[in-house]
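Note sheet for the following structure.
Since every read-out is calculated from the coordinates, none of them should be taken as a lab result. Computed from a predicted structure; not experimentally measured. Here the Cβ positions follow ideal geometry from the backbone for every residue, glycine too, while neighbour counts run over all protein chains shown.
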Amino acid sequence: QENVLANPVGTTLDRYIMRKQSEFPFATGELSQLLRDIALAGKIINREVNRAGLIDIAGAFGNQNIQGEQQQKLDVVANIRFIRALKNGGQACAILSEEEDDIIYTGNDQGKYVVAMDPLDGSSNIDVNVSIGTIFSIYRRVTPVGTQATREDFLQGGRKQVAAGYVLYGSSTMLVYTTGHGVAGFTYENSLGEFFLSHPEIRIPQDGATFSCNEGYWYQYPESIRAYLTTCKQRGYSGRYIGSLVADFHRNLFKGGIYLYPPTEKTPEGKLRLLYECYPLALLIEQAGGQAQSGHEAILDIEPVYFHQRCPIYVGSTDMVKEVLSLANAAH
Ligand code: AHG
Ligand code: MN
Ligand code: MN
Ligand code: MN
């Protein structure tokens, strides 16, 4: 029997960020501070998520966002909390959020970074105690420091992200992020109020035996996607779909698998949003050794045109993404 106490929790997120920063002699520490601010936002949203049923912030808010979705109260709360944390932090000059039509200015024009975010991912799972998350994507601004940020700062393209990640509010709360040098995962220790390094250097298995998609859309999927899913079933693969992108992605990241949100007749661009859902997860998956494709190109290579743009996505283990693409391409 292993003595479970022999392995005390070690590196805090703060210490890890500082250690990483010292590997880059020209780093000024501003990105490090921004990452810490995002972690703080994650802790605050975690608190709200945990007590949602007690303080009457479950349920619908009674408003639609620009995507035509019914906002949940927690969508709104997470959005406000996240923005407030970044305003107080001072490193981000502007924010783009799923829940707001246009750029949100933080008032910190001296900030060098902009952040695109999905404050609360998995809206439909809020009220039923199923895992949900927060997704973020960071760019260094292209407009001069000291001026107001513009659309160009957000529409740089996925390869220009300097960092991306998510917080998963699951059976435990985790922060997973990349700054383009691999992927690291941290687990939140409630009683200490700290994220601790729990999963250094995360790599996704090359292949997997799990597919994640909403099979309710089966008859709306392209024939080639149905053919791929049929092959998965003939091989006895597992179907796993939580309906919270972050949670489905996280499981596949660790166990191997593919997440699909294909185009349908009704939604030819799929559902997921490029800037704050697909780009950040695509950077993470590439950094973990997997792939993220739209069916036409790598997600990170898609030219962004507008803020709330959507794109189809096939993301996960390299071999599985390649296989679904080869079927899709053969169909054309
Ligand atoms: P959000 O809650 O941020 O609007 O995102 C919802 C997304 C994503 O979390 C999930 O994977 C997907 O919607 C589920 O969509 P379907 O219900 O169409 O399967
Ligand atoms: Mn939504
Ligand atoms: Mn989402
Ligand atoms: Mn959301």
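Modelled label positions at residue 218 and residue 151, each set 7 Å beyond Cα in the direction of Cβ, lie 4.2 nm from each other.
Of the cross-linked pairs 233/271; 112/160; 43/271; 43/73; 87/112; 20/87, those separated by over 20 Å at the C-alpha level are 233/271; 43/271; 20/87.
Peptides 149-159, 296-306, 68-78 ranked from most to least packed, by the mean per-residue count of other Cβ atoms within 10 Å: 68-78, 149-159, 296-306.
Using a Gaussian network model of the chain in which every pair of alpha carbons under 10 angstrom is joined by a spring, one finds that among 183, 128, 145 the greatest mean-square fluctuation is at 128.
Decide, for the stretch 130-247, between rounded, prolate and oblate: order the square roots of the alpha carbon gyration tensor eigenvalues as a ≥ b ≥ c, take rounded if a/c falls under 1.5, and otherwise choose prolate if a/b is larger than b/c, else oblate.
Details: a/c = 2.28, a/b = 1.40, b/c = 1.63.
Note, shape of the stretch 130-247 comes out oblate.
At a Förster radius of 30 Å, what calculated FRET efficiency corresponds to the Cβ-Cβ distance of residue 84 and residue 159, to the nearest 0.05?
Details: r = 30 Å, r/R0 = 1.00.
According to the calculation, E is roughly 0.50.
Give me the one-decimal nm value for the distance between modelled label points at residue 60 and residue 227, 7 Å along each residue's Cα-to-Cβ direction. With each label point 7 Å from Cα toward Cβ, the separation is 4.1 nm.
Of all beta bridges that DSSP places with both ends in the chain, some 85 percent have antiparallel geometry. Over the chain, DSSP H runs of length four or greater, each weighted -39,500 (n - 2.57), average out per residue to a 222 nm ellipticity of -9000 deg cm²/dmol. Within the stretch 59-148, antiparallel bridges make up roughly 70 percent of the DSSP beta bridges whose residues both belong there.
Rounded, prolate or oblate: pick one for the chain, where a ≥ b ≥ c are the square roots of the eigenvalues of its C-alpha gyration tensor, a/c under 1.5 means rounded, and failing that, prolate if a/b is larger than b/c, else oblate. Could the numbers behind the result be given before it?
Details: a/c = 1.40, a/b = 1.24, b/c = 1.13.
Rounded shape, in that the Cα axes give a/c under 1.5.
Along the Cα-to-Cβ line of residue 203, 7 Å from the Cα, sits a label point; which residues in the stretch 305-332 have backbone N less than 19 Å from it? Output list for this probe position: 316-322.
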